[in-house]
Amino acid sequence: MANIKDIAKMANVSITTVSRVLNNHPYVSQKKREAVWQAMKESNYQKNLNAVHLSTGKTHLIGVVLPFSNHPYFGLLLEGIAEEAVKNNYKLVLFQTNYEETREIEALDMLKHKQIDALIVCSRICSWSTINDYAGYGPIVFCEDTQEQPFSATFVDHYKSFQTALHYLADKGHKKIGYCIGRNSGANSTNRALAYKDFLTKRKLPFHPEYIFEQCLHLEDGENVVSKITNMKEPPTALLVTSDQVAAGIAASSLANKISIPQEIAIIGFDNQPISKVMGITTMEIPLVEIGRNLFSQSVQSHISYKEMDVTLIERSTV
């Protein structure tokens with residue numbers, strides 16, 4: 001394979017001139033430029049992108065860490081990130097972690113070794129002490145509140161949005177309210193648990209640990225929730241569900257088991273995904289695509305910034 005030295009010899013010009021032509025430098029005569037192009041064509045020369053990246057210090061690659069690639073929540077985030085990446089001539093490198101710490105560290109190591117220009121973490125598993133070790137290697141952007149950390153973030157206030165939904169259900173007359181979450185760890189889950197505890201305290205309602213359903217991530221998990229509820233002596237009359245997919249599964253399974261909605265069980269989902277519109281599910285709308293767009297913009301900025309996005313209650317027929 002021909003290199004720059006070979007091209008220079010074929011075109012009868014200096015190596016510097018070839019380099020200038022490759023980098024569109026203006027101070028090269030048209031005659032020499034055409035000679036270099038002809039030599040490149042005859043030798044089928046291919047530009048060494050690794051060398052270009054070394055010379056510019058940029059790969060135009062942005063890493064995106066997400067636990068699952070087949071979940072609509074992360075799909076919508078990725079849609080927003082990808083839209084902005086295309087507009088700005090960047091490519092994405094996806095890291096599916098399945099919430100395994102070693103996989104997240106692989107992404108951080110790629111940033112450390114300059115294989116990507118920045119990293120967007122859609123949902124974190126590593127501790128802040130681990131991530132802080134990588135702070136000096138390039139921008140790391142998070143989809144959670146990082147105002148106590150040296151990283152940019154676009155986020156929603158999960159404590160506030162959970163409180164809004166819980167009080168809405170209470171105002172509708174519900175006193176036995178449960179909730180479904182994807183995992184019991186992570187900052188967002190911690191804030192939701194605190195919101196639930198504070199809500200019960202303020203409303204002077206008893207705590208029922210059996211009303212909290214964990215590992216609810218997919219449509220079929222809704223069926224498991226309904227199965228547990230039907231076997232309870234005193235089941236909850238309302239559920240706050242952190243995923244519209246799971247909420248849809250609960251709604252479908254409830255109907256199959258002749259449990260009327262919202263008379264016997266009221267449901268509020270999260271995200272306002274298309275399935276919630278089709279099934280008429282009341283939900284807390286999180287502007288995921290817009291969050292994704294802003295996450296990308298922050299990843300190519302040189303300064304740290306924070307942006308909180310509003311969550312809106314969308315009233316439909318399940319409450």
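Observations, loosely collected:
- Failed condition for Phe270, given (1) modelled with pLDDT of 95 or more; (2) over 17 Å from Tyr73 (Cα atoms): (2)
- Whichever residue in segment 64-100 is hydrophobic (A, V, I, L, M, F, W, C) and assigned to a helix (DSSP H, G or I) and, among such residues, is farthest from the chain's Cα centre (by Cα): Val86
- Of the strands (runs of 3 or more DSSP E) contained entirely in segment 256-319, those carrying at least 2 residues that are surrounded by fewer than 18 Cβ atoms within 10 Å (Cβ to Cβ) and either in contact (Cβ under 8 Å) with a residue 60 or more places away in the chain or of a type outside the set (A, V, I, L, M) (or both) fall at 306-308, 312-314.
- Residues of segment 162-202 that are in a strand (DSSP E or B) and hydroxyl-bearing (Ser, Thr, Tyr): Tyr179 alone.
- Residue match in segment 228-235 (condition: in a loop (DSSP other than H, G, I, E, B), over 26 Å from the mean Cα position of the chain (by Cα) and polar (S, T, N, Q)): yes
- Residue count for segment 85-115, restricted to those that are among the hydroxyl-bearing types (Ser, Thr, Tyr) and without any contact (Cβ under 8 Å) to a residue 24 or more places away in the chain: 1
- Qualifying positions in segment 112-145 - assigned to a helix (DSSP H, G or I) and crowded, with 19+ Cβ neighbours inside 10 Å: Ile131
- Lone qualifier among Leu217, Leu205 - being assigned to a loop (DSSP other than H, G, I, E, B) and at pLDDT 95 or above: Leu205
The values are calculated or read from the model by the stated rules, or taken from the named source; none is laboratory data. All of these numbers come straight from a predicted model, not from anything done at the bench. In this analysis, Cβ positions are derived from the backbone assuming ideal geometry, glycine residues included, and neighbour counts consider all displayed protein chains.
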